[in-house]
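Below is one structure, written out as structure tokens, with a few remarks after it.
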Amino acid sequence: MVKKTIFLMVVSIFIMSSIMSSAVCTHAADIKFHGINFPEHRIIDGKTLTLNGVALRKAMIFIKVFAGGFYLEHPTKNAKQAIESEQVKYYDLHYLTNLATAKKIQKGFIDEMEKTNPPALVKKHRAEIKQYADWLNQDMKEGSVSESIYVPGKGLTLILNGVVKGTIKDKEFARMYYTYSLGKKADKKLRKGYLGL
């Protein structure tokens with residue numbers, strides 16, 4: 001009887017240790033999405049950002065282009081607030097294909113900026129749109145990472161595979177950039193995913 005009791009205690013301790021170990025290693029709010037792990041929180045420019053939502057960009061129905069995570073200081077499901085609020089914002093995009101050439105990415109960026117934003121703003125910020133597109137000058141192979149960070153007072157920064165390409169300081173351009181994937185004319189699946197809807 002004593003041996004059985006000791007055995008049960010040892011088993012219970014082992015099970016509890018395993019549970020605690022799992023809890024430490026895997027945060028309940030972290031998300032694994034199309035094979036990419038998106039942690040619940042990221043520290044960007046000294047601020048703690050929370051994962052607002054994840055989305056998949058597809059091309060030609062069956063090609064998975066990238067899996068992206070959208071992080072905010074103050075998470076929201078409200079598109080207008082996500083676009084216009086002055087807070088640190090971060091996109092973390094992981095490419096899932098070898099078909100995302102620089103030429104396709106650049107053209108896609110310009111086309112979507114023109115499609116999702118008012119013509120007057122597109123005309124006003126043509127130089128900034130071209131500048132950002134010019135930075136998208138490398139083929140993004142499977143495993144490549146594209147990051148963009150918006151910091152109030154500093155601007156919108158693009159990082160490709162760990163290399164900083166540049167920063168555009170204009171706040172209005174940054175709002176156009178977020179309208180690209182969160183606005184009313186944006187891709188519905190991207191918008192819904194990034195807003196956590």
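Some observations on this one:
- The set of residues from the range 147-194 being assigned to a helix (DSSP H, G or I), under 18 Å from TYR71 (Cβ atoms) and hydrophobic (A, V, I, L, M, F, W, C) comprises ALA174, LEU182, LEU190.
- Within the range 150-184, being among the β-branched types (Val, Ile, Thr), in contact (Cβ under 8 Å) with a residue 60 or more places away in the chain and over 20 Å from ILE43 (Cβ atoms) holds for one residue alone: THR179.
- Here the range 58-77 is the region considered, the condition is being out of contact with any Lys or Arg (no Cβ under 8 Å at 6 or more places or on another chain) and touching a residue at least 40 places away in the same chain (Cβ under 8 Å), and the residue that is nearest to GLU147 (Cα to Cα) is PRO75.
- Consider the range 58-73 and keep the residues that are modelled with pLDDT under 95 and not aliphatic (A, V, I, L, M). The one that is farthest from SER181 (Cα to Cα) is PHE62.
- Of note, GLN138 satisfies the criterion of being in contact with a helix residue (DSSP H, G or I) (Cβ under 8 Å, 6 or more places away or on another chain), in a loop (DSSP other than H, G, I, E, B) and modelled with pLDDT of 95 or more.
The values are calculated or read from the model by the stated rules, or taken from the named source; none is laboratory data. Keep in mind it's a predicted model, so treat the numbers as computed, not measured. Ideal geometry is used to build each Cβ from the backbone, glycine not excepted, and the neighbour counts take in all protein chains shown.
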